[in-house]
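Chemist: First, the structure itself, so that you have it in front of you.
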Amino acid sequence: MNRINLLIADDHTMFLQGIISLLEQEPNITVVDKAVNGIEALEIIKRGTVDFIILDISMPEMDGIELSKILKKQHPDVKILIVSTHSNVMIVSRLIRIGVNGYLLKNAAKEELLKAINTIAQGENYFAEELEEKHLMNSSRIEKQVSNLTELSSREKEILVLIAQEYNTAEIAEKTFISLNTVNTHRRNLLSKLNAKNTAGLVKYAVENGLVD
């Protein structure tokens, strides 16, 4: 079996250390490096020493979804396995559309993790069975919500994340260097585009789409 040169990106130290310890016991896997956010992971991958990455979704500075999109464009030969606590079908669907090679939940057994890594390394995709079933069962609803998300501008996504993180209008204006009126305009646009009735609906949407934990 060909050797797998692997990078692990996760901002949870205990998980990071645990998975490194587990994988270092495998004769065909070399853990090349680790990263705690997407920006750091991307810099490591640019060195050309990595052909496989295990990454979480929720990471600071650049999350796993954004990193996956960049990797598929700039480093398409790097295999991507998402290992996350997120089991929401919307998140899984977005990552499938991006082109990740696999998705596991963090409560997966060691045997399934190794099976996923080796399956992907051999050129096939591997998704946890329960996640794949959810994706297929909800495909029409997923398409609509994913479409809504892609219609948001980068500023609207930024405002949505801040709303979900419980910042008020004044705080959002201060953090983004825009006026209170502009923040309120973005809020109204978000409610309209995402078919949400109130702030709770916006928060729910942000969580379901992996924009926040």
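Chemist: Hey, how many Å between the Cα centroid of segment 63-101 and the Cα centroid of segment 152-204?
Modeler: Here the answer is 25 Å between Cα centres.
Chemist: Which whole-number percent is the relative contact order of the chain (Cα, under 8 Å, 6+ apart)? Before the final figure, lay out each step's value.
Modeler: Values: 290 pairs, mean separation 31.9, N = 213.
Reported as a whole number, the value is 15 percent.
Chemist: Using only the C-alpha atoms of segment 151-208, find the volume of their convex hull and express it per residue in Å³.
Modeler: Values: hull volume 4.1 nm³, N = 58.
Convex hull of Cα atoms, per residue: 71 Å³.
Chemist: For segment 151-208, what relative contact order do you get, as a whole percent, if you take Cα pairs closer than 8 Å and at least 6 residues apart? Provide the component values of the computation, followed by the final result.
Modeler: On the way: 40 pairs, mean separation 23.9, N = 58.
Here the relative contact order equals 41 percent.
Chemist: Of the listed pairs Lys46/Lys115; Lys110/Lys157; Lys175/Lys197; Lys72/Lys204, which have alpha-carbon separations greater than 31 Å here? Working shown, then result.
Modeler: On the way: Lys46/Lys115 27 Å; Lys110/Lys157 36 Å; Lys175/Lys197 25 Å; Lys72/Lys204 28 Å.
Going by Cα-Cα distance, Lys110/Lys157 fall outside the 31 Å limit.
Chemist: What ranking of Met62, Met14, Met90 emerges when the number of other C-beta atoms within 10 Å of each C-beta is taken as an exposure proxy, fewest first? Let's see the in-between values first.
Modeler: Values: Met62 16, Met14 8, Met90 21.
Taking fewest neighbouring Cβ atoms as first place, the list is Met14, Met62, Met90.
Chemist: Along its principal axes, what span do the Cα atoms of the chain show, with the longest given first and each in whole Å?
Modeler: In descending order, the Cα extents are 59, 37, 30 Å.
Chemist: Right, next: What nm distance separates the two modelled labels at Glu43 and Lys193, each placed 7 Å from Cα along Cα→Cβ?
Modeler: The two pseudo-label positions are separated by 3.1 nm.
Chemist: Also, I was wondering about something else. Suppose we flag trypsin sites (Lys or Arg not before Pro) only when DSSP calls them loop and at most 16 other Cβ atoms lie within 10 Å. Which is the longest uninterrupted stretch of the chain? Mind showing how you got there, number by number?
Modeler: Values: sites that count: Arg3, Lys46, Arg47, Lys106, Lys197.
Here the longest run is 107-196.
Chemist: Give the residue from Ile19, Gly64, Ile120 lying farthest towards the positive end of the charge dipole for the chain; charges sit on Cβ (+1 for Lys and Arg, -1 for Asp and Glu) and the dipole is referred to the Cα centre.
Modeler: Gly64
Bear in mind these aren't lab numbers, they're just calculated from the coordinates by the rules spelled out. What you see is a predicted model; the values in this text were computed from it and never measured. All Cβ positions, glycine included, derive from the backbone under ideal geometry; neighbour counts span all protein chains shown.
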